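This report refers to the structure that appears directly beneath it.
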Amino acid sequence: MKKTKPQHTKPSHQYPSLLRRLGAWFYDTLIVAAILMVAGALAMAIVAALLHIGILTLGDYHDASDYLISDPTASALYSAYLAIVIIGFYSYFWTQAGQTLGMRAWKLKLQNEDGSRIKITQAFIRIATSAFGLGNLLAFNNQRRSMQDIMAECEMVVTEKVS
């Protein structure tokens, strides 16, 4: 009877190329743009409803969109709202499944080195240090880790072997 030694080696991962990362980033950019359109429409509807019931007045503004982008308070709130929508999109998908829709299409997964899902704090760090996706351009080290991967102490791996 042959004895086998237990394997205690770290599983080897295939790390994504820059092209694959940028493909997923571009795909997600299209999805986020669509989500922002819906979020913007919702904000416009809320402002229109508040105008209709008399809680808000346009004053010198031409319409609800002019009010949202020109009024200092409304503009700040609107920008913060859209930022929260973007952060929410990425944070939700990264912490729940390790993949956004673009990452899933390009067969990428974000995880901790032990294969577990990242935490919400890691997602926030990753978002804050991604430089709007430009951090991917620094993914030329041994594990092809981007700036945001290094800062958030996580890794991006390919979910399916590529020939």
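For this structure, a couple of remarks:
- Å² of accessible area per residue within the chain, as computed with a 1.4 Å probe and no ligands counted: 65 Å²
- Solvent accessible area, Å² - residue 151, 1.4 Å probe, full protein context: 110 Å²
- On the chain, 66 percent of the accessible area sits on carbon and sulfur atoms, based on a 1.4 Å probe.
- Based on DSSP H segments of at least four residues, each scored -39500 (n - 2.57), the chain has a per-residue ellipticity at 222 nm of -17500 deg cm²/dmol.
- Calculated FRET efficiency for the pair residue 18/residue 113, C-beta based, R₀ 30 Å, to 0.05: 0.90
The values are calculated or read from the model by the stated rules, or taken from the named source; none is laboratory data. Just so you know, these numbers come straight off a predicted model, no measurement behind them. In this analysis, Cβ positions are derived from the backbone assuming ideal geometry, glycine residues included, and neighbour counts consider all displayed protein chains. Only protein heavy atoms, including side chains, enter the accessible area calculation; ligands, DNA and RNA are left aside. Shrake-Rupley method; radii C 1.70, N 1.55, O 1.52, S 1.80 Å.
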